[in-house]
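The values are calculated or read from the model by the stated rules, or taken from the named source; none is laboratory data. Bear in mind the structure is a predicted one, so any value in this text is a computation, not a measurement. For neighbour counting, all protein chains shown are included, and Cβ atoms are generated from backbone atoms with ideal geometry for every residue, glycine included. Ligands, DNA and RNA are stripped out before the accessible areas are found, and what is left, the full protein with its side chains, is counted by its heavy atoms. Shrake-Rupley method; radii C 1.70, N 1.55, O 1.52, S 1.80 Å.
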Amino acid sequence: MGRKSISHIRKPEILRHTYKVVEEEGFMGMTIGKVATRMGVNSGLLIHYFKSKEGLIMEMVDYLYDSSMTVYLEELKKYTTPKERLEGLLDMVFDTSGTMPQRDAVFWSCYAMGFRNEQIKVKIKGLMKRFIDFGIAEMAAWEEKGLVKIAHKERAAETILALSEGFGILRNSVDDMATLKEISLFMKKTALTALEIQNTPQ
């Protein structure tokens, strides 16, 4: 079977296959050659888009953000009021069902590399900042509709991000579903406090 030409591949496809390789072998085991083999293309075609393995990893950070946000934004479309959107977003962030994007082996492998590579560390910080900016924009929209009034939106967004990251670790560590749901409920209430809301908005 002949190999694909470059006209048939695009960055998102390469990143999807890279994700699978990293999921199976970690970033240390991932090579451009392995991704190319998985795709059935010559590795030179991938180097056309990514000059090196490090360049591919840097792009993976953006891919992790974009792929998770695509799911979140699509899910948020079904909510028609600010109250529903706020509650729905908290349900997604502190999801116990496993249906929403989670911090998985690929993310944590990438995160760990940030301790050894300053460029990747900066890239991950940028990813976290994008989540915080998204939270700030959501809060501004809720405030505009009279649902909340938050004096320090950035601090509130950072707090909720910290809560969600912590919950993500617990979600991969706690096997008892009843306990996990109890923690999820506590986290949501704490998030509402960070939003300067003592009770679920009406």
For this session: Please find, among K145, K181, the residue that is touching a Pro at 6+ places or on another chain (Cβ under 9 Å) and either within 16 Å of E87 (Cα to Cα) or modelled with pLDDT of 95 or more (or both).
Result: K145
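Just to check your reading of the model, which residue among T80, T18 is over 19 Å from Q119 (Cβ atoms) and either hydroxyl-bearing (S, T, Y) or in contact with a Gly (Cβ under 6 Å, 6 or more places away or on another chain) (or both)?
Numbers: T18 fails: over 19 Å from Q119 (Cβ atoms).
One residue alone meets the criteria, T80.
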For this session: Kindly list the number of the only condition in (1) of a type in the set (S, T, N, Q); (2) open to solvent by less than 40 Å² (accessible area, probe 1.4 Å); (3) modelled with pLDDT of 90 or more that fails for N117.
Result: (3)
For this session: Name every residue in the range 93-110 that is surrounded by fewer than 17 Cβ atoms within 10 Å (Cβ to Cβ) and either in contact with a Pro (Cβ under 9 Å, 6 or more places away or on another chain) or assigned to a helix (DSSP H, G or I) (or both), in order of residue number.
Result: A105, W108
For this session: Given the conditions (1) open to solvent by 50 Å² or more (accessible area, probe 1.4 Å); (2) more than 19 Å from the chain's Cα centre (by Cα), report the number of the one that S173 does not fulfil.
Result: (2)
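Just give me the residues in the range 170-196 being among the acidic types (D, E) and touching a residue at least 40 places away in the same chain (Cβ under 8 Å), in sequence order. Steps first, please.
Residues of the range 170-196 among the acidic types (D, E): 175-176, 182, 196.
Once the filter is applied, which keeps residues that are among the acidic types (D, E) and touching a residue at least 40 places away in the same chain (Cβ under 8 Å), the range 170-196 yields only E196.
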Exercise. For the range 46-66, which residues satisfy the criterion of being open to solvent by 40 Å² or more (accessible area, probe 1.4 Å) and in a helix (DSSP H, G or I)?
Worked result: I47, H48, Y49, K53, E54, M58, E59, D62, Y63, D66
Seminar exercise, completed: L64: passes all of (1) farther than 30 Å from T179 by Cβ; (2) in contact (Cβ under 8 Å) with a residue 60 or more places away in the chain; (3) in contact with a Leu (Cβ under 8 Å, 6 or more places away or on another chain) but (1)
Exercise. Got a number for residues in the range 67-83 being surrounded by fewer than 14 Cβ atoms within 10 Å (Cβ to Cβ) and of a type in the set (D, E, K, R)?
Worked result: 3
Seminar exercise, completed: Log entry, pairs with first residue in the range 7-27 being at pLDDT below 85, second being open to solvent by 90 Å² or more (accessible area, probe 1.4 Å) and among the acidic types (D, E), beta carbons closer than 6 Å, six or more apart or on different chains, reads none
